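Here the structure is laid out as structure tokens; the discussion comes afterwards.
The values are calculated or read from the model by the stated rules, or taken from the named source; none is laboratory data. Predicted model, so just to flag it, every value in this text is computed and none were measured. Reconstructed Cβ throughout: ideal geometry from the backbone, glycine too, with neighbour counts over all protein chains shown. Protein only, heavy atoms only, side chains kept; ligands, DNA and RNA dropped before computing areas. Shrake-Rupley method; radii C 1.70, N 1.55, O 1.52, S 1.80 Å.
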Amino acid sequence: MCDLGRKVNKYLAIALNQNEDCFDKAFEKPMGYVRLLRYSGQISEPERGIFAAGAHSDYGHITYLLTDGEPGLQVFVDNEWKDVDTPPGAFTCNIGDMLERWSNGYFRSTLHRVVNTTGRERYSIPFFLDPRFDALVAPLPGCGEPKYEPILSGDYLISRYQATHEDFDK
């Protein structure tokens, strides 16, 4: 998965008018981790604030998501929630907060949620690919007037965990 991420990073760099190796150093020893997620069969009721997973973006660089084929993933695009239809065996790719920072907003972090409309359980396996802990994340040259302050990858992740997990301790 890290090799896939490194290949995708080259295309992201090209899209940002950077040298294709601009992310290489930050991903020499990336932080990658996998989770196995189970969503209950409870039907979501968005109007009452009941979701399988509430709206959020991923803190890191990129998330590759493999699912069991059950529907439910939605992304917020053009001021509305849209269903994501992923072909069997394919990955869904979510852009994370750090890539938004690096691209100075050119790539937007994917706001997403999970709603259960079927009453069946849903499983997914996200792979979170992040740069090494001490990598500097700052808007890349040529991406416009910086909208984000430079920050180390690890410091950013810790600050986001602390902001969203009351019991998280450094």
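Please find, within the stretch 127-147, the residue that is farthest from GLN18 (Cα to Cα) out of those that are open to solvent by 50 Å² or more (accessible area, probe 1.4 Å) and acidic (Asp, Glu). Across the stretch 127-147, the extreme among qualifying residues is ASP134.
In the stretch 58-83, which residues are open to solvent by 40 Å² or more (accessible area, probe 1.4 Å) and free of Cβ contacts under 8 Å to residues at least 40 places away in the same chain? The answer is GLY69, PHE76, VAL77, ASP78, ASN79, GLU80, TRP81, LYS82, ASP83.
Hey, among the residues in the stretch 63-106 that are in contact with a Cys (Cβ under 8 Å, 6 or more places away or on another chain) and of a type in the set (S, T, N, Q), which one's nearest to PHE128 (Cα to Cα)? Step by step, filter the stretch 63-106, then rank; the result is THR63.
Of the strands (runs of 3 or more DSSP E) lying entirely inside the stretch 1-104, those containing at least 3 residues that are not charged (D, E, K, R) span 31-34, 53-56, 62-67, 73-77, 92-95.
Taking into account only those residues within the stretch 84-100 that are open to solvent by less than 40 Å² (accessible area, probe 1.4 Å) and charged (D, E, K, R), which is nearest to LEU140 (Cα to Cα)? Filtering the stretch 84-100 for residues that are open to solvent by less than 40 Å² (accessible area, probe 1.4 Å) and charged (D, E, K, R), the one nearest to LEU140 (Cα to Cα) comes out as GLU100. A count restricted to the stretch 18-35 and to residues that are surrounded by fewer than 18 Cβ atoms within 10 Å (Cβ to Cβ) and touching a strand residue (DSSP E or B) at 6+ places or on another chain (Cβ under 6 Å) stands at 4. Within the stretch 102-118, the set of residues being open to solvent by 40 Å² or more (accessible area, probe 1.4 Å), in contact (Cβ under 8 Å) with a residue 24 or more places away in the chain and not β-branched (Val, Ile, Thr) comprises TYR106, LEU111.
Looking at (1) touching a residue at least 12 places away in the same chain (Cβ under 8 Å); (2) of a type in the set (A, V, I, L, M); (3) more than 16 Å from ARG122 (Cβ to Cβ), which is the one condition that is false for ILE14? All conditions pass for ILE14, except number (1).
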